[in-house]
Amino acid sequence: MVFSTTNTDNKVDNKITVGIGQVFGARAPATFHSVLGSCIGVVLYSRQHKTGAMAHVVLPAQVAGSADTPGKYADTAIKHMLKLLAREGVMLEHLTAKITGGAAMFNTSGPLQIGEKNIDAVKAELTNANIRLGGDDTGGTKGRRVTFDLETGMFTVETVGQEPTVF
Amino acid sequence: MSSNLELLHSVFSAATHDASAAMSFWTKGLVTLSLDEVRELPLEEVVSSELEEKLLNMVVLTLDEESGGTIVLTFDDNSGRQLASILLSQPLPEEGTEWNELEKSALLETGNILGCAYIGAIAKCVEQTLTPSPPYFLQDYAASVLEQAIIEQATYTEKILICQTRFLQKNEEVNWNVFFIPSFCLRQKMEQSLQFDEKLSDC
């Protein structure tokens with residue numbers, strides 16, 4: 001089952017594609033899918049409920065006056081996921097976080113290299129919310145194709161030229 | 001199409017025209033370009049389902065920090081190999097073999113020639129020097145590269161301007177694309193410059 005404040009066109013069978021800046025929540029049997037560059041895929045998951053939410057975070061923090069797209073920013077995405085999960089009866093004490101992404105894709109400096117800042121911002125928000133970080137595959141210079149299985153609570157991360165990582 | 005998008009379409013047409021002429025010269029008339037689409041898309045729609053999980057070969061050029069923008073040339077493995085073999089006058093290598101440095105270099109030079117012609121036309125529009133980075137070669141998920149390219153625009157706006165150009169080989173469409181994603185600042189400069197020109201032509 002998918003629960004989300006955005007539309008659920010992204011769901012085919014039990015496969016939910018979490019696009020740039022989006023947030024989805026779901027119960028097993030279902031999988032979240034995404035392709036990440038410098039963005040971060042954050043999952044908050046309750047093993048007990050086999051329920052979780054995933055955000056595809058683009059930037060560290062919301063700029064004043066920007067539109068209401070909570071999944072886009074680290075500071076708003078975590079709060080939004082907590083609300084989504086609370087509505088399904090999954091409370092903070094049940095949750096573990098896993099994160100992936102945050103690569104430095106281009107061989108340049110400057111504002112395009114946001115990956116590291118995104119990683120720091122997401123980790124800081126998780127600490128502020130008292131959510132334990134149960135797994136982390138971040139950084140590097142390559143894109144990632146990721147799948148999170150709500151049945152097992154495991155992330156599978158595929159990176160070009162490397163063996164998949166499962167955590 | 002909004003009036004601003006229509007105005008921008010004219011700049012991207014000029015840029016595609018110049019890039020096409022450069023490509024035609026580089027490939028001895030074999031390859032040309034045609035402007036496909038100038039779109040303004042919500043974040044979640046920037047990466048089409050067609051590109052979503054595709055592993056592609058890409059040549060990327062970025063504009064200097066002040067102007068901002070990214071050009072991404074994408075080739076699937078067969079198409080990229082085909083272009084490299086034409087440029088190097090070499091037979092196609094066996095499927096599945098690693099790209100050698102010479103092949104990568106042929107694609108990098110293609111990206112450089114095409115990108116510089118494209119950016120040159122945009123520089124004329126905004127009456128400013130635009131300096132592209134040296135091109136670099138990536139083999140990665142197209143979605144992850146496009147995601148990085150839109151980050152700067154995404155900082156300022158919820159809708160991303162993206163220009164997509166197709167390649168034609170002897171007038172037949174091939175599976176190569178060019179994406180140009182200007183920074184928010186460069187987009188504004190292009191719009192201001194075009195609106196000013198339009199006002200002058202109305203006088």
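The values are calculated or read from the model by the stated rules, or taken from the named source; none is laboratory data. Keep in mind it's a predicted model, so treat the numbers as computed, not measured. Cβ coordinates were reconstructed from backbone atoms using ideal geometry, including for glycine residues, and neighbour counts include every protein chain displayed.
Table for the structure above
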| item | result |
| --- | --- |
| The lone exception for B:Tyr118 - which of (1) in contact with a Phe, Trp or Tyr (Cβ under 7 Å, 6 or more places away or on another chain); (2) assigned to a strand (DSSP E or B); (3) among the hydroxyl-bearing types (Ser, Thr, Tyr) it fails | (2) |
| Test: B:Glu147 is more than 14 Å from chain A (Cβ to nearest Cβ) and of a type outside the set (S, T, N, Q) | no |
| Count of the range A:135-148 residues which are under 13 Å from the mean Cα position of the chain (by Cα) and either more than 10 Å from chain B (Cβ to nearest Cβ) or within 19 Å of A:Val90 (Cα to Cα) (or both) | 7 |
| Residue selected from the range B:51-63 under the condition out of contact with any helix residue (DSSP H, G or I) (no Cβ under 6 Å at 6 or more places or on another chain) and at pLDDT 80 or above, by the criterion farthest from the other protein chains (Cβ to nearest Cβ) | B:Leu63 |
| Residue in the range B:110-133 that is of a type in the set (A, V, I, L, M) and within 14 Å of chain A (Cβ to nearest Cβ) present | no |
| Residue list for the range B:112-150, filter: charged (D, E, K, R) and either closer than 30 Å to A:His56 by Cα or buried (at least 22 other Cβ atoms within 10 Å of the Cβ) (or both) | B:Asp140, B:Glu147 |
| Within the range A:82-107, tally of residues that are under 27 Å from B:Gln139 (Cα atoms) and either at pLDDT 95 or above or surrounded by 19 or more Cβ atoms within 10 Å (Cβ to Cβ) (or both) | 9 |
| Index of the failed condition, B:Ser48 passing every other in (1) surrounded by 17 or more Cβ atoms within 10 Å (Cβ to Cβ); (2) at pLDDT below 85; (3) not β-branched (Val, Ile, Thr) | (1) |
| Residue that is aromatic (Phe, Trp, Tyr), farther than 21 Å from A:Gly143 by Cα and within 14 Å of chain A (Cβ to nearest Cβ), where the choices are B:Tyr156, B:Tyr141 | B:Tyr156 |
| Restricting the range A:27-72 to residues that are facing chain B (nearest Cβ under 10 Å) and modelled with pLDDT under 90, the residue that is nearest to A:Lys117 (Cα to Cα) | A:Val63 |
| Residue in the range B:81-98 that is among the small types (Gly, Ala, Ser) and surrounded by fewer than 15 Cβ atoms within 10 Å (Cβ to Cβ) present | yes |
| Residues within the range A:28-81 that are among the polar types (S, T, N, Q), touching a residue at least 60 places away in the same chain (Cβ under 8 Å) and over 23 Å from B:Ala142 (Cα atoms), tallied | 1 |
| Qualifying residue in the range A:94-104 (condition: more than 22 Å from B:Glu44 (Cβ to Cβ) and facing chain B (nearest Cβ under 9 Å)) | yes |
| Checking A:Gly140 against (1) surrounded by fewer than 18 Cβ atoms within 10 Å (Cβ to Cβ); (2) part of a loop (DSSP other than H, G, I, E, B); (3) touching a helix residue (DSSP H, G or I) at 6+ places or on another chain (Cβ under 7 Å); (4) not polar (S, T, N, Q), the condition it does not meet | (3) |
